[in-house]
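The values are calculated or read from the model by the stated rules, or taken from the named source; none is laboratory data. Values in this document were obtained by computation on a predicted structure and should not be read as measured data. In this analysis, Cβ positions are derived from the backbone assuming ideal geometry, glycine residues included, and neighbour counts consider all displayed protein chains. Protein only, heavy atoms only, side chains kept; ligands, DNA and RNA dropped before computing areas. Shrake-Rupley method; radii C 1.70, N 1.55, O 1.52, S 1.80 Å.
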Amino acid sequence: MTHLAKFLGATAALAISAGAALADPALVFDLGGKFDKSFNESAHNGATRWAEETGNSYAEVELQSDAQREQALRRFAEAGNNPIVTVGFSFMTPLEEIAADYPDTKFVIVDGVVDQPNVRSVIFNEHEGSYLVGQMAAMASESGTVGFIGGMDIPLIRKFACGYAQGAKSVNPDITVLSNMTGTTPAAWNDPVKGSELTQAQISQGADVVYAAAGGTGIGVLQTAADQGILSIGVDSNQNYLQPGKVLTSMVKRVDNAVYDAFEAGTEIETGINVMGVNNEGVGIAVDEHNEALVTEEMTAAVEDAKAKIASGEIEVHDYMSDESCPSLDF
């Protein structure tokens, strides 16, 4: 079977293709679209890699509104797709509501936890990866001020910011870490204009390295940073190529591996909580031809040392979501 990603458009009321094969897996993207050059695109890359390697097909849908989440899940389940992979914490509520209705269907949620016997919950230690890029930001900064721009103001994004601040302050205890969130609704994930404005504001306060954890909004952050002659840090997928020579690194979150592994396991996928962190290469930094000239030997050594110590437990990066507090940053 050749690879055919069955596209489900919103205009067709999320209608399932009649040709969907029994037990083909399915992928439901979060808002922002599968080509957001960030979180969704990483998921898309994992699904595509699985399809190309196996020759099998999968179904997919890009949502246009929150209201479509439950509908999409039910349509896929009733069509026989299995497993059904969802990307984004916003799927927690609809999955909690419908998983029990389809006990023979396996569901996967990336970035959320749903306590149902047929659900695999994949969560990432984003604070660990953010700690690593925070170290690099502090080492690259000449002004002693670095910035963080988040998307929607939720505990998960504060988790990124808190890890980043801890990493930066491990290198320079006196460094200033600026932090701004784009908004409080899902629209915050896809507002590059606001991302640009926040970047300009942080530059005016002295920031010379800015880390974006904001989905599509981050495109505006990276663009403005490059235009203004400062460095940026990408997130989720490797975004170094978006502004070659201007992106210090990207905190890669291997959503692609989470999707690939789920599709590969198929209906035999193990449910429960699956944690991806530094110790199993679930998070890390990206170095390639687009940023290698920016990454010094000292940065590489510091990151490798921190990775080993985080994996061994010698360095414990505080997780904001454990108690909604951060020792290194005030929100």
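Provide a single number: the residues in the range 219-267 that are closer than 30 Å to Asn118 by Cβ and touching a strand residue (DSSP E or B) at 6+ places or on another chain (Cβ under 7 Å). Walk me through how you get there before you give the answer.
Within the range 219-267, the subset closer than 30 Å to Asn118 by Cβ is 236-237, 252-267.
Checking which are touching a strand residue (DSSP E or B) at 6+ places or on another chain (Cβ under 7 Å) leaves us with 236-237, 252-255, 258-259, 262-263.
Selection size over the range 219-267: 10.
How many residues are closer than 15 Å to Val28 by Cβ and at pLDDT 95 or above if we restrict to the range 100-120? Adding up the residues that qualify gives 10. Checked against the criterion of being assigned to a helix (DSSP H, G or I), aromatic (Phe, Trp, Tyr) and open to solvent by less than 30 Å² (accessible area, probe 1.4 Å), the range 55-67 contains not a single residue that satisfies it. Checking each residue of the range 191-205 against the condition of being more than 21 Å from the chain's Cα centre (by Cα), in a helix (DSSP H, G or I) and either surrounded by 18 or more Cβ atoms within 10 Å (Cβ to Cβ) or outside the structural domain of Asp319 (by TED's automatic domain parsing) (or both) gives at least one match. Of all the numbered requirements in (1) surrounded by 24 or more Cβ atoms within 10 Å (Cβ to Cβ); (2) within 17 Å of the chain's Cα centre (by Cα); (3) not β-branched (Val, Ile, Thr), Asn125 misses one, and that requirement is (1). Here Ala100 meets the list (1) surrounded by fewer than 19 Cβ atoms within 10 Å (Cβ to Cβ); (2) in contact with a strand residue (DSSP E or B) (Cβ under 8 Å, 6 or more places away or on another chain) almost entirely, failing just condition (2). Does Gly216 count as out of contact with any strand residue (DSSP E or B) (no Cβ under 6 Å at 6 or more places or on another chain) and assigned to a loop (DSSP other than H, G, I, E, B)? No: the conditions fail for Gly216.
Taking only the range 7-28 into account, find how many residues are farther than 16 Å from Ala265 by Cα and either modelled with pLDDT of 95 or more or among the basic types (Lys, Arg) (or both). Even if it seems obvious, please write down each step before you answer.
Going through the range 7-28, the residues farther than 16 Å from Ala265 by Cα turn out to be 7-21, 28.
This time we only want the ones that are either modelled with pLDDT of 95 or more or among the basic types (Lys, Arg) (or both), so: 28.
Selection size over the range 7-28: 1.
Check the range 238-261 and report whether any residue there is touching a Ser or Thr at 6+ places or on another chain (Cβ under 7 Å), open to solvent by 40 Å² or more (accessible area, probe 1.4 Å), modelled with pLDDT under 95 and outside any strand (DSSP E or B). Yes, some residue in the range 238-261 is touching a Ser or Thr at 6+ places or on another chain (Cβ under 7 Å), open to solvent by 40 Å² or more (accessible area, probe 1.4 Å), modelled with pLDDT under 95 and outside any strand (DSSP E or B). Taken over the range 274-329, the criterion of being without any contact (Cβ under 8 Å) to a residue 24 or more places away in the chain, closer than 22 Å to Gly150 by Cα and not in a helix (DSSP H, G or I) is satisfied by Ser325 alone.
Considering each residue of the range 281-300 in turn, at least one proves to be open to solvent by less than 40 Å² (accessible area, probe 1.4 Å) and over 19 Å from Ala168 (Cβ atoms).
For beta carbons closer than 8 Å, sequence separation of 6+ or different chains, a first residue in the range 188-200 that is without any contact (Cβ under 8 Å) to a residue 40 or more places away in the chain and a second that is among the charged types (D, E, K, R), the qualifying pairs are Ala188/Asp153; Ala188/Lys194.
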